[in-house]
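First up is the structure itself, then whatever we jot down about it.
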Amino acid sequence: MPKSIIIKKNGGPEVLELQDVEVGSPGPDEIKVTNHAVGLNYIDTYHRSGLYPIKLPSGIGLEAAGKIDEVGSNVSEFNKGDNIAYASVPLGAYSSQRIIPANIAIKIPDGVSHEIAATLITKGLTTNYLLTKTYHLKAGETVLFHAAAGGVGQIFAQWANSIGAKVIGTVGSDDKIKVAEENGYSHVINYTKNDFSKEVLKITNNVGVPAVFDGVGKKTFHGSLACLKTRGMMISFGNASGPLDPVNVPKDIQPKGLYLTRPSIAQYFTNRKELQEGADSIFEKVKFGKIKIKISKKYTLADAKQAHADLEARKLLGPAILIP
Ligand SMILES: NC(=O)c1ccc[n+]([C@@H]2O[C@H](COP(=O)([O-])OP(=O)(O)OC[C@H]3O[C@@H](n4cnc5c(N)ncnc54)[C@H](OP(=O)(O)O)[C@@H]3O)[C@@H](O)[C@H]2O)c1
């Protein structure tokens, strides 16, 4: 019988319940998929905790890769047996089999496994828009990225290096320094031990960086502003340490004439064409070896509670997946 993780109330990892589910048949514009690998994303913890409100009870998880079992009567782009991935609402990727709208599916090219595909779409699309659309990162520039050894962090530096840019990274423990360096960070700062703003200014000869990519949120916001050069861009794209406090524009933004943005994937990939182009750009980088993905840990679906606990305890050394 197919299984799915369901949440009935918001809370800690303990609210993730594994249940048997009836999947049924796809509607005209839907496909039925057997998930072979499910991507673990920090965003999943926001849906679980209630930081990003969702209607309950609900499935959880945005991202998975697998094989199509059945296609709806209006679906012409996909066939039974196709290998696909997806990373979008409706939530429910933490499942062994499910039905999804066909328009969120992306064909996986030959040579990319389900496991790799399941780690790539959310983190890859995020990296794609952050450094090609939100900020146009150029060869020769040096920028700052927080949580450098994390899922998005590992892809970010490899992608930045592939266009000739350098990235200074921060990490929360010494064992993550090597991981960040292996992924291409030019300098790595343990921000639990050192004042990262001072370090960044030292590295940049007191000039600062033109852009900071900050998925950590509350704890790093002010330090990140201090790292920016005049007219630099603060890109706050996540809340791993908690959501931002209200911003004091005259005090925080005005003195250096900074730019501040708080972007999300959905604002940059607004239709099927943009989604497919974004995904293709990631698959191409993986195929040509510009981005190498090393899965740091695999959990069973039944171990989703442990996976969330490890992610929130900052124990993971890179992207992780659940195997249904
Ligand atoms: N806006 C968007 O479009 C978008 C899309 C995808 C992801 N995101 C965001 O991108 C960030 C990275 O996502 P990811 O899935 O790749 O996760 P991740 O980086 O693998 O995990 C989050 C990391 O945040 C760091 N962190 C710092 N303070 C923390 C705290 N108090 N509690 C827990 N972790 C803390 C930890 O690294 P250290 O121990 O090294 O500090 C942890 O490993 C997240 O904030 C996520 O919400 C945003």
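Sub-6 Å Cβ pairs linking a first residue in segment 213-231 that is assigned by TED's automatic domain parsing to the domain that holds Trp159 to a second residue that is of a type in the set (Phe, Trp, Tyr), at least 6 apart or interchain, are Phe213/Phe145; Gly215/Phe237; Gly223/Phe196, ordered by first then second residue. One residue stands out among those in segment 204-247 that are within 28 Å of Thr45 (Cα to Cα) and away from the ligand (no atom under 16 Å from the Cβ): the one that is surrounded by the most Cβ atoms within 10 Å (Cβ to Cβ), which is Leu225. Looking across Lys273, Lys251, one residue alone is more than 26 Å from Ile84 (Cβ to Cβ) and either loosely packed, with under 13 Cβ neighbours inside 10 Å or charged (D, E, K, R) (or both). It is Lys251. Restricting attention to segment 161-179, the residues that are small (Gly, Ala, Ser) and either near the ligand (Cβ under 8 Å from one of its atoms) or touching a Phe, Trp or Tyr at 6+ places or on another chain (Cβ under 8 Å) (or both) total 3. Among the residues of segment 110-128, the ones that are outside any loop (DSSP other than H, G, I, E, B) and farther than 25 Å from Asn271 by Cβ come to 3 in all. Of all residues in segment 232-264, exactly one satisfies the criterion of being in contact with a strand residue (DSSP E or B) (Cβ under 7 Å, 6 or more places away or on another chain), in a helix (DSSP H, G or I) and hydrophobic (A, V, I, L, M, F, W, C), namely Ile253. Looking across segment 132-186, the residues that are of a type in the set (A, V, I, L, M) and free of Cβ contacts under 8 Å to residues at least 40 places away in the same chain come down to Ala139, Ala157, Ala160, Ile163, Ala165, Val167, Val171, Ile177, Ala180. Given the condition modelled with pLDDT under 95, away from the ligand (no atom under 13 Å from the Cβ) and of a type outside the set (Ser, Thr, Tyr), answer yes or no: does some residue in segment 78-88 qualify? Looking through segment 78-88, none of the residues is modelled with pLDDT under 95, away from the ligand (no atom under 13 Å from the Cβ) and of a type outside the set (Ser, Thr, Tyr).
For the residues Ser73, Ser25, Ser49, the requirement of being of a type in the set (Ser, Thr, Tyr), in contact with a strand residue (DSSP E or B) (Cβ under 9 Å, 6 or more places away or on another chain) and either closer than 21 Å to Arg272 by Cα or not assigned by TED's automatic domain parsing to the domain that holds Asp245 (or both) singles out Ser25.
Any residue that is in contact with a Gly (Cβ under 9 Å, 6 or more places away or on another chain) and without any contact (Cβ under 8 Å) to a residue 40 or more places away in the chain - is there at least one of those in segment 39-58? The answer is yes; a qualifying residue exists. Checked against the criterion of being more than 22 Å from Pro319 (Cα to Cα) and part of a loop (DSSP other than H, G, I, E, B), segment 29-42 contains one or more residues that satisfy it.
Residues that are part of a strand (DSSP E or B) and among the aliphatic types (A, V, I, L, M) within segment 83-107 comprise Ile84, Ala85, Ala87, Ile99, Ile100, Ile106, listed in sequence order.
Of the candidates Asp29, Asp44, Asp82, the single residue that is buried (at least 23 other Cβ atoms within 10 Å of the Cβ) and either out of contact with any Cys (no Cβ under 7 Å at 6 or more places or on another chain) or under 23 Å from Glu115 (Cα atoms) (or both) is Asp44. The set of residues in segment 144-186 being at negative phi, touching a helix residue (DSSP H, G or I) at 6+ places or on another chain (Cβ under 7 Å) and not in a helix (DSSP H, G or I) consists of Leu144, Phe145, Ala148, Ala149, Val167, Ile168, Gly169, Thr170, Val171, Asn183, Tyr185.
For Ser113, are the conditions met, namely being farther than 25 Å from Glu63 by Cα and either more than 10 Å from the ligand (Cβ to nearest atom) or touching a residue at least 60 places away in the same chain (Cβ under 8 Å) (or both)? Considered against the rule, which asks whether it is farther than 25 Å from Glu63 by Cα and either more than 10 Å from the ligand (Cβ to nearest atom) or touching a residue at least 60 places away in the same chain (Cβ under 8 Å) (or both), Ser113 comes out as no.
The helices (runs of 4 or more DSSP H) found wholly in segment 265-324 and carrying at least 2 residues that are within 15 Å of the ligand (Cβ to nearest atom), small (Gly, Ala, Ser) and not assigned by TED's automatic domain parsing to the domain that holds Val179 occupy 272-287, 304-312.
The values are calculated or read from the model by the stated rules, or taken from the named source; none is laboratory data. Keep in mind that what you see is a predicted model, and the values were worked out from it rather than measured. In this analysis, Cβ positions are derived from the backbone assuming ideal geometry, glycine residues included, and neighbour counts consider all displayed protein chains.
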